[in-house]
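Single-structure report; data block below.
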Amino acid sequence: MTTRSRTWLDLATQLPLYDLICVGDQLIRVPRPELEGRTAPYTTLAELRTLLDRHRRRQGVVRAREALELLRVGADSAPETRLRLAMLDAGLPEPELQVKLRVGDPFSPTTDLGFRARRLAIQYDGGHHLEEEQILSDMRRDKAFRAAGWTVLVFDKDDAGEDFVSATKQIKKALRTAWMDPSVESGFARG
């Protein structure tokens, strides 16, 4: 019998680094109980770290440790992880994940990635975003962010197909021109 975490370690001998990171991000992701029927992630960063410590001589552990350093809680899909990694590769700062428009409000619209201090919301819209109900929900979300003075960038499978090269250029430009919220930078952010 194996575990998801041990399978992840075993895959470290087979998968390229970024694929391993995508799988790892999904293992540590906090689920949405109403959609997934579970409340806890499959594992945690601490549990993965312990696993790697127990198997320090195992083949693939070096790549797994490298991947572990780039795992983040919050990516809802592999393309979101790949977009984050493309941003880092392009020399951009690391974005926050699952950024709520209104901090502390459980009903607040959320963007996949973003920079609160720059009021920049970044969305990756996968295939299910083409369904009518989801399109309307996405429009409401984007409208709320824009009404609050945020810039909203939306990327899709075409952007993923070119490894987010154009996307990172757009993000870089938006970061240069986005309004800086001094209250966020100073630590006195309003919810």
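Restricting attention to the range 124-145 and to residues that are in contact with a helix residue (DSSP H, G or I) (Cβ under 8 Å, 6 or more places away or on another chain) and within 24 Å of residue 176 (Cα to Cα), the residue that is surrounded by the most Cβ atoms within 10 Å (Cβ to Cβ) turns out to be 124.
Comparison of 86, 75, 90 shows that the only residue that is closer than 19 Å to residue 30 by Cβ and touching a residue at least 40 places away in the same chain (Cβ under 8 Å) is 75.
Just one of the listed residues (92, 83) is in the same structural domain as residue 169 (by TED's automatic domain parsing), in a loop (DSSP other than H, G, I, E, B) and in contact with a helix residue (DSSP H, G or I) (Cβ under 7 Å, 6 or more places away or on another chain), and it is 92. Just one of the listed residues (46, 40, 75) is within 10 Å of the chain's Cα centre (by Cα) and either in a helix (DSSP H, G or I) or of a type in the set (A, V, I, L, M) (or both), namely 75.
Could you please find all residues in the range 180-191 being out of contact with any Ser or Thr (no Cβ under 8 Å at 6 or more places or on another chain) and either at pLDDT 95 or above or not in a helix (DSSP H, G or I) (or both)?
Listed by number, the residues that qualify are 180, 181, 186, 187, 188, 191.
If you check 78, 64, 121, 86 for being surrounded by fewer than 19 Cβ atoms within 10 Å (Cβ to Cβ) and small (Gly, Ala, Ser), only one passes: 78.
Exactly one residue out of 121, 174, 147 is more than 23 Å from residue 82 (Cα to Cα), modelled with pLDDT of 95 or more and not charged (D, E, K, R): that is 147.
The values are calculated or read from the model by the stated rules, or taken from the named source; none is laboratory data. On a predicted model such as this, the values are computed, not experimentally measured, just so you know. So basically every Cβ, Gly included, is an ideal-geometry build from the backbone, and we count neighbours across all protein chains shown.
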